[in-house]
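Asks: Please see the structure below; I have some questions.
A short reminder: the numbers here are calculations on the coordinates, not readings from a lab. The shown structure was predicted, so the numbers you read here are calculated from the model rather than taken from an experiment. For neighbour counting, all protein chains shown are included, and Cβ atoms are generated from backbone atoms with ideal geometry for every residue, glycine included.
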Amino acid sequence: MSILQAIRIFLFYLLLGTSSLLWCTLSFFIAPFLSFRARYRFINVYWCRFALVLVRVFLNIRVNVTGAENIPAQPCVILSNHQSTWETFFLSAYFQPLSQVLKRELLYVPFFGWAMAMLRPIAIDRDNPKAALKQVATEGDKLLKDGVWVLIFPEGTRVPFGKIGKFSRGGTALAVNANLPVLPIAHNAGKYWPKEGWGKRAGTIEVVIGEPMYAEGTGPRAIAALNDRAAAWNEQTQRDLGSLPAHAPDDAQPVT
């Protein structure tokens, strides 16, 4: 990494952190008096768009979206692979209002967590998976009925570029029980914004939005089948993007 690139990354994080603190503090005093949709735009959309501007200006990371025409009019469950922090910024601004699953502990962070708490997140206790799954089902269903997109990262955590994690069925179960489709999304953000470290690479992140996927029937088998279809689509799309080897017997093999 060149000295110039290191300086640009340092300035990016400095401005990102400073803006986050200022914006969350301001939101804490203004957002409670706004309707939920206006509150979401004020807290999340405006700041996330600002963050993406910083990404473009200081890191020279841009984005190209394919398949925007596939987005349904009615909010549903979004299933996306998870490689970096970038997609949380992007998806939170692109789909609105949007709720996502996050660690409950994040809500205790002064100002940042308090602002996030006003956006109706699904804050789970990761140490209690059974209770977390039930919470996602209950709160997610209510959010969908209220016209809120629900973002699920079925891999459960960030996965390094070149690898793919096992898809959990929580997202497809939520969609099937709500009689709604899942909207599959694949991207290669980890190529430019790695999971580990502060280093970044200039380039264009490719985001592919697939056609909505509906379950064929109801019940556990339909949920499992839909989850398998979504996972297979994401895997193949990542291969098409060059994020995974064209042919690999083991999905956990890194790109060579």
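Asks: Restricting things to alpha carbons, tell me how big the range 94-230 is in terms of Rg and Dmax, in Å.
Replies: Here Rg and the maximum Cα pair distance are 15.9, 46 Å.
Asks: Is any residue of the range 184-199 close enough, with backbone N under 13 Å, to a label point placed 7 angstrom from the Cα of Leu14 along the Cα-Cβ axis, and if so, which?
Replies: The answer is none, because no backbone nitrogen lies closer than 13 Å to the label point.
Asks: Would you compute, for the Cα atoms of the range 120-165, the largest minus smallest coordinate along each principal axis and list the three values in descending order, in whole Å?
Replies: Projected onto its principal axes, the Cα set of the range 120-165 covers 37, 25, 13 Å.
Asks: Highest mean first, how do 37-45, 211-219 rank when packing is the count of other Cβ atoms within 10 Å averaged over residues?
Replies: 37-45, 211-219
Asks: Checking understanding here: applying a Kyte-Doolittle mean of at least -0.5 and a length along the axis of at least 30 Å (C-alpha), which whole DSSP H helices in the chain pass?
Replies: 3-30
Asks: While we're on this one: Which three semi-axes in whole Å describe the equivalent ellipsoid of the chain, each the square root of 5 times a Cα gyration tensor eigenvalue, listed largest first? Before the final figure, lay out the partial values.
Replies: Numbers: eigenvalues 153, 128, 50 Å².
Working through the eigenvalues yields semi-axes of 28, 25, 16 Å.
Asks: Can you list the HN-Hα couplings for the range 196-212, worked out from phi with the Karplus curve (6.51, -1.76, 1.60; θ = phi - 60°), rounded to whole Hz and with x for Gly and Pro?
Replies: Those phi angles translate into 9, x, 9, x, 9, 10, 5, x, 10, 6, 9, 10, 10, 9, x, 6, x Hz.
Asks: Relative to the present Cα-Cα distance, how much length would full extension add between Thr157 and Ala117 at 0.36 nm per residue of separation?
Replies: Value of the extension gain: 12.3 nm.
Asks: Going by average Cβ density within 10 Å per residue, which order do the peptides 159-165, 102-108, 196-202 take, highest to lowest?
Replies: Output ranking for 159-165, 102-108, 196-202: 159-165, 102-108, 196-202.
Asks: With Rg and the Kirkwood Rh both taken from Cα atoms, where does Rg over Rh land for the range 66-132?
Replies: 1.00
Asks: So what is the relative contact order for the chain, in percent, with contacts set as C-alpha pairs under 8 Å and at least six apart?
Replies: 24
Asks: While we're looking at this one, here's another question. Please report the antiparallel percentage of DSSP beta bridges with both residues in the chain, rounded to the nearest 5.
Replies: 15
Asks: For the range 1-115, what class follows from the C-alpha gyration tensor (a ≥ b ≥ c being the square roots of its eigenvalues): rounded when a/c is under 1.5, otherwise prolate if a/b is larger than b/c, else oblate?
Replies: Oblate.
Asks: With a point put 7 Å past each Cα toward its Cβ, work out how far Arg56 is from Asp146 in nm, to one decimal.
Replies: 3.1
Asks: Looking at this model, which pairs from Lys103/Lys166; Lys142/Lys191; Lys142/Lys195 are more than 29 angstrom apart at the alpha-carbon?
Replies: Lys142/Lys191; Lys142/Lys195
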